[in-house]
Amino acid sequence: MSDLFADAVETLAKAKKTVALTGAGISVESGIPPFRGKGGLWEKLDPMKYAHIDAFLEDPETVWNVLIKEMKMVLDKARPNTAHIGLADLERMGILQTVITQNVDGLHQRAGNSDVIEFHGSFAWQRCQTCDWTIETSRVDLSEIPPRCRCGGILRPDCIFFGEMIPHDALLRSQQISAACDVMLVVGTSATVQPAASMPFIARDNGAVVIEINPEPTSLTRRISNLPLLGAAGTILPRLVKAMRRHQNA
Ligand code: APR
């Protein structure tokens, strides 16, 4: 066991309030490509052309055909992987309280975490751009693109496009929880998109220890990660759970 890994086990064992901040990387091993880096979605598509609210309002049919239908196909097939299950195990062991996720795939809830803040919304729902009516994505008739609401308005995923505000309650609660935690587990995020990327800084500024799990160094690694664990979340998290179980039974 490396010193950093052993320190992470000790830190988590002593922690009173642990929160996780997750990004697309935790779902890579569920078959959902990340946005940046190797195989990233934004290497293929220009996010400003397909994932910005102005692009959607200008040409919803193209955004549905190029981005949203593809996301639905990938997310419909995805299942929680050993990393999601590892975070759910940490909650069941009384170690992890809350997951703040930038992901819209719902895999943390399906793995069993009971307190998940969906910082960028949820793809499980579609919302009418005109009247805010919502319907489960699984029930939307995709024979007509873009799909429409009963009011005639256009439906869109209940997720945040670039250029849109973070849901107020998600932002406020995430900031409060980040300021109050004594350990933040940062898993699978490039920490490039604000305001989600400010959560580790809020945690650190309030004295928390930041444990980062990522196969690559990020802008956080050299600046604020106390314990950078380099590797895939699907490998490191189950190992952390196993070591925590041994620690709890010692
Ligand atoms: N385990 C852990 N981390 C991984 C793995 C893995 N198996 N595979 C890749 N990663 C890491 C990458 O090294 C990268 O640092 O996951 C990170 C993915 O970064 P991004 O694709 O930028 O995803 P994220 O940080 O969640 O993006 C934030 O940007 O486009 C918007 O709304 C979108 O929520 C998203 C936001």
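The values are calculated or read from the model by the stated rules, or taken from the named source; none is laboratory data. Bear in mind that the values here come from a model prediction, so they are computed numbers and not experimental data. When we count neighbours, we look across all protein chains shown, and the Cβ atoms used for this are built from the backbone with ideal geometry, even at glycine. Areas reflect the complete protein model, heavy atoms only, side chains present, ligands, DNA and RNA absent. Shrake-Rupley method; radii C 1.70, N 1.55, O 1.52, S 1.80 Å.
Residues in the range 156-176, backbone N under 19 Å from the label point at Cys131 (7 Å along the Cα-to-beta-carbon vector): list them, ranges by number please.
156-158
With a probe of 1.4 Å, find how much accessible area the chain has per residue, and write the answer as a whole number in Å².
With all protein chains present, the chain gives 47 Å² per residue.
Label Gln248 and Glu216 with points 7 Å out from Cα along Cα→Cβ: what is the distance between them in nm?
So the label points at Gln248 and Glu216 sit 3.4 nm apart.
With each pseudo-label sitting 7 Å past Cα toward Cβ, what's the Met165-Asn226 distance in nm, one decimal?
3.5
Restricting to DSSP loop positions (anything but H, G, I, E, B) with no more than 12 other Cβ atoms inside 10 Å of their own Cβ, which GluC sites (Glu not before Pro) remain in the range 112-156? Intermediate values should be presented prior to the final figure.
On the way: sites: Glu118, Glu136, Glu144; in loops: Glu144.
Passing both the DSSP loop test and the Cβ count: Glu144.
When the chain is fully extended, how far beyond the present Cα-Cα distance does Arg110 get from Asn206, taking 0.36 nm per residue of separation?
Result for the pair: 31.5 nm of gain on full extension.
Order 32-42, 225-235 from most to least packed using the mean count of other Cβ atoms within 10 Å.
Working: 32-42: 16.5, 225-235: 19.5.
Top of the packing list down: 225-235, 32-42.
Most fluctuating residue of Gln97, Gln176, Gln194 in a GNM of the chain with Cα springs under 10 Å: which is it?
Greatest mean-square fluctuation among the candidates belongs to Gln194.
Quote the accessible area belonging to Lys242 in square angstrom, nearest 10, computed with a 1.4 Å probe and with ligands, DNA and RNA left uncounted.
That residue has around 140 Å² of solvent-accessible surface.
Less than 21 Å apart at the alpha-carbon level, and either on another chain or at least 8 residues along: which lysines does that give for Lys69?
Leaving aside lysines fewer than 8 places away in the same chain, those within reach of Lys69 are Lys44, Lys49, Lys77.
Got the relative contact order for the chain handy, in percent, Cα pairs under 8 Å and 6 or more residues apart? Don't skip to the end; give the middle numbers.
Numbers: 439 pairs, mean separation 61.3, N = 250.
The normalised contact order for the chain reaches 25 percent.
Loop-only check: which trypsin sites (Lys or Arg not before Pro) in the range 150-216 are DSSP coil with at most 14 other Cβ within 10 angstrom? Don't skip to the end; give the middle numbers.
On the way: sites: Arg150, Arg173, Arg204; in loops: Arg150.
Listed in order of number, the matching sites are Arg150.
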